[in-house]
Ligand code: HEM
């Protein structure tokens, strides 16, 4: 207990550790979910531990995590946690580089481009890209599903969100730039000062400059012609166009540099999150043939064997939807959301002092037996059946539509002022990719992959699957 603590103030229980400064970092790093569950059992829903010199206070379960999700940015602050990681990648003038109010405006502008009309245009684009991609596969073989999903997600997102010009360049130099930039999303980049002359930082910074130039050239060209040249697509269906032409409330437009930064930000915000989700959903379906057969039967009933799906068709694919929801329950890509404590916080009789982090974990909230019952560890998409509300076809799903107990028992997309704006795009993308995949291929794998906890987003280890092209989609020999 601190000596200068005022009378009556009680801090959250502290997890013991052996090595000063390092604190619990080793145990946490080795198996974060087990560590957090053990702490929850021992200390209850609020506890603090030391990690590399910082106090991390976890708020576990729906009731405790309400502290984070209902908070104001001035009290529990996001940009002071995320800026070191994101600013070198997205650039200046966007997202966590600016004050929360302006970023709020940039999110509002983004939402203006993430509409049902746009999604109706995106679905056929995603199907076309996926079909073309899958032509590379033979009639049967073994493939890295995680790599495949990462490639499909970047290609389809680039095509839909950034337009044809960027998609066309993706087959050339841009793919390498994305890769190098993406290499900047590491724990080292978050924890170490950006001025350190690390090779990975230099690669990231060079890629950022080059990618910005590619994007600002395209923006400049578009501004000159003031219309998209792509045939067959109506004018301005992508986010780059939205950012270029939607003003802030004061009437000003974003600069070209900000437009390029927002394009990078949206693309990368969805890259690992969506590709990891698409992969894990695939592994659950490969591993349990019954799930795959059900999802495929639903696709054939709703869309048919060869027809291009529509956005309206996707809404009918409720089993596939529930499979993705359940995947996001058991394997949410964002394991922890963090904020710095700017003003003392009161929670459950404890005071959380200024200076440390408050952390909430979807992964832990999604697994708690108190909220999810005794089958909490089972993969059961049907638990979400009937959870759809009449808001289901709106862009923001009803946060209370969860079979878990408590408003924040299911938070794969966060909640409150920092809630994800990409949920509907992610579902549209993942469902279209899997609609195409399930029709064309039978996939199999004996066991679920283990989880790699060393990556920022928990990815599958050894991500191989076997595939067999279905009769109706067989390629002619030599094709
Ligand atoms: C915020 C998850 C896809 C853009 C968030 C947050 C989570 C999340 C948990 C809250 C972070 C926090 O509170 O600290 C996911 C998952 C996705 C996904 C699981 C896919 C399965 C996307 C996509 C986009 C996107 C596709 C863009 C099109 C954003 C943005 C924020 C956000 C702009 C706001 C950050 C803020 O206000 O601080 N996402 N995301 N996400 N996400 Fe997503």
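Between the helical axis of 199-225 and the longest alpha-carbon principal axis of the chain there is an angle of about 50 degrees.
Distance between the pseudo-spin-label points of residue 176 and residue 18 (7 Å out from Cα toward the beta carbon): 4.7 nm. In this structure, residue 74 and residue 223 have a Cβ-Cβ separation that, at R0 = 41 Å, corresponds to a calculated FRET efficiency of about 0.65. Taking the C-alpha atoms only, the angle from helix 256-287 to the longest principal axis of the chain is near 80 degrees. D for the stretch 257-402, whole µm²/s, Stokes-Einstein with Kirkwood Rh over alpha-carbon pairs at 37 °C and 0.692 mPa s: what number? Rounded, D is 180 µm²/s.
With no solvent and one point on each alpha carbon, what is the Debye value of log10 I(q)/I(0) for the chain at q = 0.09, 0.10, 0.12 Å⁻¹? Summing over Cα pairs of the chain leads to -0.63, -0.79, -1.15. Here the peptides 153-161, 443-451, 420-428 are ranked by packing, the mean other Cβ count within 10 Å, and the order with the highest first is 153-161, 420-428, 443-451.
Look at where the Cα atoms of the stretch 403-473 and of the stretch 3-53 average out, and the two centres are 31 Å apart. Calculate, for residue 92 and residue 405, the FRET efficiency according to 1/(1 + (r/R0)^6) with r their C-beta to C-beta distance and R0 41 Å; round to the nearest 0.05. For R0 = 41 Å, the calculated efficiency reads 0.45. In terms of the Cα gyration tensor, with a ≥ b ≥ c the square roots of its eigenvalues, is the stretch 155-291 rounded because a/c is under 1.5, prolate because a/b exceeds b/c, or oblate? Oblate shape, in that a/c is at least 1.5 and b/c is the bigger or equal ratio. Peptides 209-215, 140-146 ranked from most to least packed, by the mean per-residue count of other Cβ atoms within 10 Å: 209-215, 140-146. Using just its DSSP H runs of length 4 or more, each adding -39500 (n - 2.57), the chain gives a mean residue ellipticity at 222 nm of -15000 deg cm²/dmol after division by all residues.
When each of the peptides 6-17, 274-285, 362-373 is scored by the mean number of other C-beta atoms lying within 10 Å of its residues, the order from highest to lowest reads 274-285, 362-373, 6-17. Once the Cβ-Cβ distance of residue 137 and residue 250 is raised to the sixth power relative to R0 = 60 Å, the FRET efficiency obtained is 0.75.
Between residue 144 and residue 289, the simple label model (points 7 Å from Cα in the Cβ direction) yields a spacing of 2.8 nm.
Taking the longest Cα principal axis of the chain as reference, the axis of helix 32-43 is set at about 30 degrees. Take the Cα of residue 206, step 7 Å toward its Cβ, do the same at residue 300, and the gap between the two points is 5.1 nm. Only alpha carbons enter this Debye calculation for the stretch 1-95, each as an equal point scatterer, and the log10 of I(q)/I(0) it gives at q = 0.10, 0.13, 0.24 Å⁻¹ is -0.36, -0.61, -1.29.
Values quoted throughout were computed directly from the atomic coordinates according to the rules given, and no laboratory measurement underlies them. Computed from a prediction, not measured in an experiment: that's the story for all the values here. Glycine also receives a Cβ, built like all others from the backbone with ideal geometry; neighbour counts cover every protein chain displayed.
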